[in-house]
Amino acid sequence: MNAAPLLRARHLEARYGAAQVLFGVDLDLHAGEVVALLGRNGAGKSTTMKAIMGLIEQRSGDISFCGRQISAARPHHIARLGLGYVPEDRRIFSDLTVLENLEVGRRPARLGADGRAMQAWTPERLFALFPNLAEARHRAAGRISGGEQQMLAVARTLMGNPIAILLDEPSEGVAPAIVDQMTDMILALKGAGAAILLAEQNLAFAALVAERAYVLERGEIRFEGAMRQLREDDALRRAYLEF
Amino acid sequence: MTLLAIDNLTKVFGGVRAVDGVSFSLEAGELLAMIGPNGAGKSTCFNMVNGQLAPDSGRIVLAGVDIGGLPPHDIWRRGVGRTFQVAATFSSMKAIENVQMALISRQSRIGRLWKPAARYAREEAQALLRRVGMAEQAERPCGVLAYGDVKRVELAIALAGAPKLLLMDEPTAGMAPGERNALMALTREIAHDSGVGVLFTEHSMDVVFGYADRIIVLARGRLIAQGDPRGVRNDPRVREVYFDARHRVIGASE
Amino acid sequence: MSFSGLTVQLLNGLADASALFLLAAGLSLIFGVTRIVNFAHGSLYMLGAYVAWSLTERLSSVAGFWISMLLAALAVGALGATIELVLLRRMYRAPDLSQLLATFALTLIARDAALYLWGPEDLLGPRAPGLSGSVVILGRLFPQYNLLLIAIGPVVLIALRTLLAQTRWGVLVRAATQDREMVGALGVNQSILFTTVFALGAFLAGLGGALQLPREPASAGIDIAAIGDAFVVVVVGGMGSMPGAFIAALLICEIKALCIALGDWTTPFGLTIAFPHFTLVAEFAVMAVVLVLRPWGLLGRQQETARASAASTAPFTPAGSLTKWGAAIALAAVALLPFLVGGDSYILVLSIDICVGILFAASLHFIMGPGGMHSFGHAAYFGLGAYASALALRRADIPMELALALSPLGGALGALAFGWFCVRLSGVYLSMLTLAFGQIVWSIVYQWDAITGGSNGLIGIWPSARLASKSAYFHLTLALSVAGALLLRRILFSPFGYALRATRDSPLRSGAIGIDVRRIQWAAFIIAGTVCGLAGGLFAFSKGSISPETISVGRSVDGLVMVLLGGVETLSGPIVGAASYIVLQDVISRHMQYWRAALGMFMLLLVMAFPGGIVGALRHRFTRT
């Protein structure tokens, strides 16, 4: 791809207190593509996403989004530029109803990266994508199932009409049927032109939706390339993803 | 000799059986790895053995005594040392003072009000730091040490209690690759030389398969397999439930 | 007691509960979203009453009265927004204590501002037009205005609930109360949210103050009483919970009403229990019981652990021989002071105050710095020590030296009892509980006329003949203060002192190496209480009299300021802090009419410019060159 990437991170470092977690991560996300960020637990996938989102105080490196420097920006500025974030632990507002959760995420519609107006997400459109949520719309989010909470976390971020989404392990700990819905959802978003950076441990799931992949191990990028290449390289898979 | 016997251990959080009838045992001098996907119940298991949590049912027998439900400081006195996933040391104290603190506690001298703590058990503390390779940095505060070094100090603190059992929760998390092999090699040496039993969790499979004598596998609160590394690696249930958990998709893609 | 009497008292309780709820709701809302414990909330309440008084003076029509109430609340709301924008916005990432000190500084400034604008007299407002009479309930008179108050509480609760449930703003506030970081990650500008929440909280405080005007006069003293009550309600109800605050206000006010209704009750054995005397203690007793049973309040939930301290503390280093000799020479010089300035000099009086202050601050620092337990009620042990000595001297005719020796015991017994409860909590809840215990002691002393002399206190507490001269008493105070401070220092270097720091640095690790965290913390409370009690005893004999003022919240805060001024993380901090604070207070109060405001300004400057205190700033300067 020759166009300038939508999201670009260079020399990204992050630490929690004394523990350094990221050691110079470089990655690009182009408009309209789904890129997998693979690695085992503790490899630094979530930290990468939080660092991009401005949720880690001790971070350094260059991050730009839509051509703008966001290395020192505050999270709400980054979100308003059109970068959505779905955290691994969902972080839904459990005291609020499903509809209220969506309301927190609501932002006005925006122009897409290509300049044409995007259709704004509404609760009704999202309920069409996630039928389970429609039935639970007036229930407290803390009282719906784990899978529904995961859908809600995604839907809530979509309410901000993001141009690109950081999606942290949506398949984690949810039933296979939900994983299937997640797959459909990601493909639908991709079809609608959204770019997605997908953090995953599950290679098979990632392979269904992503064309490119980075493999993270101990806070460093160890592989960067086509998804197909990763799937065909047993040694690589074994080294970083399986035994 | 069986050092630790876990029998039918169960813990329920708000209706979810985080640990569900888990039984296993650990021999003195053995390195036992506990692995499993996120949410498998590893930390809950650890916290029960260590006394952070009280089990709902089941027994935790250390050297013949049921320690289930005792508070952490009591369990420590019975010979259980622990390192944490995020290293827990006293950041306002020097490395050596951290170890001295544990030695003072072992000698039941915590309540002393007069003689300066710095004069207690200095040599022994220095020896323990030497053992983990931290002798040169003994006088530096833990708050300024590199993370890998903090983890080594933490190991020295745990050893200061002269433990029979060492619990290590992700001992190499946050360490550089070279450091983690050194730490695990040291741990194995300690276990095999001094007959300390080591129970550890770890996400890094090269550490697990490189250092564990035996492995137990948890998934959704239940123990689904145990055995030597080779056996566990080839166990179809492990492959299915752990590595391919929630991976029904694999069938679709392959 | 008659049925009608009980009913009327319970109705009075409902009216009080409404007023209390208005006050507490704003505090709870502000804490829920911003995590700031707003000490100035009582001042906003006080200003609401004053502003309403001024407005009703000008707008004396029937409509004017109600418009005045509303305008007063709006004005206070606007003031709240300004405070948030100008001051607190810079402090969201500051340590809790700096935030608290900043809001306390605001109370000092507000109090002097009220004094300047409205003068020292109590200002009685007009009766509410149309509601100035009484209705007859079960044959007894009941003020009409109280009926209005009874209605206002639930109305405000419902209005708040509606606002929080039905508007986008309310949804965002509730979301931020749960996870403000995530709200930011979804594109919500937290700054605007914080400002508006602060404005609404201030509005409610102002409204509460304004609506009290027909019941009680506006005066400069109502701020501290109000904040004490509001804290209790918020903590009992669960911080951030509106219904919790309402239930807590009801519970407390009805228990008080019941105490009044019960009146004096004579047991079969002839002992008379005066239940009305329990009213002042009732709320704090409720709080202590609730917090021990439900540490996060009735409807509250566990707060995430306080933010990690920005920088880790440096290890303690024993003094080198140079420092030791320097300190010894300085001490010898200070001991010669009476010969230099003369035995009757005011400097001696001030020096005695400084010695007492150092002992007080050092004992507070012991649990605050190395112990990490921020006590807001340290005056309790000071007061218990002072009263133990005074009562021994005056009521039991025990010789002065022996009476003084009882003061540490008084402090220790208090800490033994209160500490047991306090170490079961942590963070802001622990602080609130210490405050509550401080207020309990204050209330008991204030009410127990027969023993403590009530609000008048006790007089004639003078040292024995050989210590009667100023210079002799100065030497005694100096010797005991230095001994006390050195003892605390020695303990901090002992295994116990290390264990105490261990419990602060990492309770997790402490437990895992066999340290019983609560026991160590409890013992630390007792040690601090003992030394603090001695400071109280020395204080009593230096003044010749004591009053409940000795135990007031103001004194507890003085202690906090001394420790923070010097720097929490340094051992010499409390000494430098106490000395400079007392000198400063003395100089300012002698030369300026509005010395409180000046002191408040100074404190604001301090927390903004030197978050690490004087000694911390000096050390920083000389070690990082």
Problem set entry | Tabulated pairs, the range C:1-30, first under 15 Å from C:Pro143 (Cβ atoms), second among the basic types (Lys, Arg) and open to solvent by 30 Å² or more (accessible area, probe 1.4 Å), C-beta under 6 angstrom, 6+ apart or interchain | C:Val8/C:Arg140
Exercise. Which members of the range C:32-47 meet the condition of being open to solvent by less than 10 Å² (accessible area, probe 1.4 Å) and of a type outside the set (Gly, Ala, Ser)?
Worked result: C:Val33, C:Thr34, C:Ile36, C:Asn38, C:Phe39, C:His41, C:Leu44, C:Met46
Problem set entry | Those residues of the range B:142-168 which are within 13 Å of chain C (Cβ to nearest Cβ), surrounded by fewer than 23 Cβ atoms within 10 Å (Cβ to Cβ), within 22 Å of B:His73 (Cβ to Cβ) and not hydrophobic (A, V, I, L, M, F, W, C), in sequence order | B:Gly161, B:Pro163
Exercise. Between a first residue in the range A:87-99 that is touching a residue at least 24 places away in the same chain (Cβ under 8 Å) and over 15 Å from A:Met159 (Cβ atoms) and a second residue that is of a type in the set (Asp, Glu) and assigned to a loop (DSSP other than H, G, I, E, B), which pairs have beta carbons less than 7 Å apart while being 6 or more apart in sequence or on different chains?
Worked result: A:Glu88/A:Glu169; A:Glu88/A:Glu172
Exercise. With respect to C:Val561, is the statement that it is under 20 Å from C:Thr434 (Cα atoms), open to solvent by 10 Å² or more (accessible area, probe 1.4 Å) and under 23 Å from the mean Cα position of the chain (by Cα) true?
Worked result: no
Exercise. For the range A:66-107, how many residues are outside any loop (DSSP other than H, G, I, E, B), within 13 Å of chain C (Cβ to nearest Cβ) and within 29 Å of A:Glu220 (Cα to Cα)?
Worked result: 11
Problem set entry | Total residues in the range B:107-131, condition charged (D, E, K, R), over 23 Å from B:Leu183 (Cα atoms) and surrounded by fewer than 17 Cβ atoms within 10 Å (Cβ to Cβ) | 3
Exercise. So how many residues does the range C:535-558 have that are of a type in the set (Gly, Ala, Ser) and within 13 Å of the chain's Cα centre (by Cα)?
Worked result: 3
Exercise. Given (1) out of contact with any Leu (no Cβ under 8 Å at 6 or more places or on another chain); (2) away from chain B (no Cβ under 14 Å), where does A:Leu27 come up short, assuming only one miss?
Worked result: (1)
Exercise. So which residues in the range B:48-79 are open to solvent by 40 Å² or more (accessible area, probe 1.4 Å) and closer than 20 Å to B:Leu218 by Cβ, if there are any at all?
Worked result: B:Gln52, B:Leu53, B:Ala54, B:Asp56, B:Ser57, B:Arg59
For this session: Could you please find all residues in the range A:147-192 being at pLDDT below 85, more than 24 Å from A:Leu216 (Cα to Cα) and open to solvent by 30 Å² or more (accessible area, probe 1.4 Å)?
Result: A:Ala175, A:Pro176, A:Ala177, A:Asp180, A:Gln181, A:Ala192
Exercise. Can you tell me which residues in the range C:312-330 are open to solvent by 50 Å² or more (accessible area, probe 1.4 Å) and not small (Gly, Ala, Ser)?
Worked result: C:Thr317, C:Pro318, C:Leu322, C:Thr323, C:Lys324, C:Trp325, C:Ile329
Problem set entry | Filter pass, C:Ala333 being among the small types (Gly, Ala, Ser), open to solvent by 20 Å² or more (accessible area, probe 1.4 Å) and outside the structural domain of C:Ala535 (by TED's automatic domain parsing) | yes
Exercise. Yes or no: A:Gly142 of a type in the set (Gly, Ala, Ser), in contact (Cβ under 8 Å) with a residue 12 or more places away in the chain, outside any helix (DSSP H, G or I) and under 20 Å from A:Asp89 (Cα atoms)?
Worked result: no
For this session: Hey, can you tell me all the residues within the range A:69-109 that are within 18 Å of A:Leu7 (Cβ to Cβ), among the small types (Gly, Ala, Ser) and modelled with pLDDT under 95?
Result: A:Ser71, A:Ala72, A:Ala73, A:Gly82
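Table: residues versus (1) closer than 26 Å to C:Gly554 by Cβ; (2) surrounded by fewer than 24 Cβ atoms within 10 Å (Cβ to Cβ).
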residue	(1), (2)
C:Ser18	no, no
C:Ala25	yes, no
C:Glu57	no, yes
C:Trp66	no, yes
C:Tyr92	no, yes
C:Pro95	yes, yes
C:Ser98	yes, yes
For this session: Could you tell me which of the residues C:Leu492, C:Leu488, C:Leu508 is within 14 Å of another protein chain (Cβ to nearest Cβ), of a type in the set (A, V, I, L, M) and more than 24 Å from C:Gly411 (Cβ to Cβ)?
Result: C:Leu508
Problem set entry | Which numbered condition B:Ala18 misses (of (1) touching a Lys or Arg at 6+ places or on another chain (Cβ under 6 Å); (2) open to solvent by 50 Å² or more (accessible area, probe 1.4 Å)) | (2)
Seminar exercise, completed: Every listed condition ((1) over 17 Å from C:Arg501 (Cα atoms); (2) more than 7 Å from chain C (Cβ to nearest Cβ)) holds for B:Trp76 save (2)
Exercise. Taking the range A:86-102 only, how many residues are over 18 Å from B:Gly39 (Cβ atoms), open to solvent by 40 Å² or more (accessible area, probe 1.4 Å) and among the acidic types (Asp, Glu)?
Worked result: 1
Exercise. Quick one: C:Ala128 ticks every box in (1) of a type in the set (A, V, I, L, M); (2) facing chain A (nearest Cβ under 10 Å); (3) surrounded by 15 or more Cβ atoms within 10 Å (Cβ to Cβ) bar one, so which box is it?
Worked result: (2)
For this session: Scan (1) closer than 15 Å to B:Leu165 by Cβ; (2) facing chain C (nearest Cβ under 8 Å); (3) β-branched (Val, Ile, Thr) for the single condition B:Val61 breaks and write down its number.
Result: (2)
For this session: Quick one: which residue in C:Phe231, C:Phe246 is open to solvent by less than 10 Å² (accessible area, probe 1.4 Å), touching a residue at least 40 places away in the same chain (Cβ under 8 Å), outside any strand (DSSP E or B) and not charged (D, E, K, R)?
Result: C:Phe231
For this session: Answer yes or no: is there a residue in the range C:149-170 that is assigned to a helix (DSSP H, G or I), under 30 Å from A:Leu166 (Cα atoms) and of a type in the set (Lys, Arg).
Result: yes
For this session: Being closer than 25 Å to B:Val144 by Cα and surrounded by fewer than 23 Cβ atoms within 10 Å (Cβ to Cβ) is the filter here, so list the residues in the range A:4-46 that pass it.
Result: A:His11, A:Glu13, A:Arg15, A:Tyr16, A:Gly17, A:Ala18, A:Ala19, A:Gln20, A:Phe23, A:Gly24, A:Gly42
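The values are calculated or read from the model by the stated rules, or taken from the named source; none is laboratory data. Only a predicted model underlies this, so the values are computations on that prediction, with no experimental measurement involved. Quick reminder, even Gly has a Cβ in these numbers, built from the backbone with ideal geometry, and neighbours come from all protein chains shown. What goes into the accessible areas is simple: the full protein's heavy atoms, side chains included, and nothing from ligands, DNA or RNA. Shrake-Rupley method; radii C 1.70, N 1.55, O 1.52, S 1.80 Å.
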